[in-house]
1. Regarding the stretch 129-224, what is the average projected area of its C-alpha convex hull, in nm²?
2. Net charge near LYS148: determine it from the other residues with C-beta under 12 Å of the C-beta of LYS148, scoring Lys and Arg +1 and Asp and Glu -1.
3. Counting Lys and Arg as +1 and Asp and Glu as -1, what is the net charge of the other residues whose Cβ lies under 15 Å from the Cβ of LEU166?
4. Enumerate the calculated ³J(HN,Hα) couplings along the stretch 120-129 in order (Karplus 6.51 cos²θ - 1.76 cosθ + 1.60, θ = phi - 60°), each rounded to whole Hz, writing x wherever the residue is Gly or Pro.
5. DSSP beta bridges in the stretch 35-144, what fraction antiparallel, as a percent rounded to 5?
6. Counting only residues 5 or more places away or on other chains, whose amide H sits under 5 Å from the amide H of LEU119 once H atoms are built in the peptide plane?
7. What is the antiparallel percent of DSSP beta bridges lying wholly in the chain, to the nearest 5?
8. How far, in degrees from 0 to 90, does helix 237-253 lean away from the longest principal axis of the Cα atoms of the chain, to the nearest 10?
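What follows draws every value from the coordinates through simple rules; no lab data is involved. Here the structure is a predicted model, which is why all the values come from computation and not from measurement. Note that we place each Cβ from the backbone using ideal geometry, even for glycine, and neighbour counts take in every protein chain shown.
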Amino acid sequence: MNMKTILGGLALTATLVCLTAQANAKTADALADGLMTICADPYIYPSSAQGYPPGYDIEILEAIARAGGYRSAQFWVNSGTIGGLGRALRNSIAKGFCDVFVGVAIDDRQIDELAEKDLVFTRPYMALAFVPVVQGAAADAKSFEDLKARTKIGVSRTTPMDGYLLMHGYEREIYQGNDRVMEGMVRGEVDAAMVWSSSLGIARRDFADAKFRPISNYKPDPLFTWNIAMVVPRADTKLKTLVDDGISQLIESGELQAIVEKYGVPYYAPVDKPDPMKYRTPE
């Protein structure tokens, strides 16, 4: 091993030690420096994106930070690689590189994932769901049920909604992904679709002049709805209270809904689903 290699290794070690020390200091007193660092995935527009606009999840937490008198910054982490969300959490907020991780769906699988990393959910701030979208010959549909006898419905392959449509006798047009469903609508291949609500934000960005719209006053079925929350360190109760209270204030003022709908995504309030934490055996 030559001297250049040795010096390079020592420099890398020093850098890692420095980063770890900074992370540990941040964890010990999260907002003492007046900065709230947001963990987010840079590749999941309209939820979050590295650029402008930054995504509704980023804007929501930035609004909470401002209201609390804090500055904000982003720590980007890709949740779409091998290991998924668990690895993203482990390599970011669990190591103290940020204070709040945004845009996580609450479900049974995530409860244990967070517990293992000493993390907890905030209160939910919105819900994402499969929603009916119409245009053309189906534009006057008043409900999801109206579509059954009128037209085939575009849907993403092997999703829960795909299975539901099959079991209940709806005529389907199958696509590989929600974005492809919306592209099919724009091309006029279908006049109705059931898509994941956040995919409408991508479609509105890419096809600003398209005529599709979600059915008005649609109330998502809780079976196909997921509440979305943020994640914070379990020990930082002050931070959790700050974020929870901020979410409540933004919901009550209507600002949170306005932020989400600015991205072309229909806002749905969190649904009354059983809280998995209530059914856990106390430790």
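1. On the way: hull surface 21.6 nm².
For the Cα atoms of the stretch 129-224, the hull's average projected area reads 5.4 nm².
2. Numbers: positive: ARG150, LYS152, ARG172; negative: GLU145, ASP146, GLU171.
Residues close to LYS148 contribute a combined charge of 0.
3. Values: positive: LYS148, LYS152, ARG157, ARG172; negative: ASP162, GLU171, GLU173.
After counting each charged neighbour, the total is +1.
4. With coefficients 6.51, -1.76 and 1.60, one gets 9, 7, 7, 5, x, 10, 6, 10, 10, 7 Hz.
5. Details: 2 of 10 bridges.
Of all bridge pairs located within the stretch 35-144, approximately 20 percent are antiparallel.
6. Correct list: ARG234.
7. On the way: 20 of 34 bridges.
Taking every DSSP beta bridge with both residues in the chain, the antiparallel ones total about 60 percent.
8. Approximately 30 degrees, to the nearest ten.
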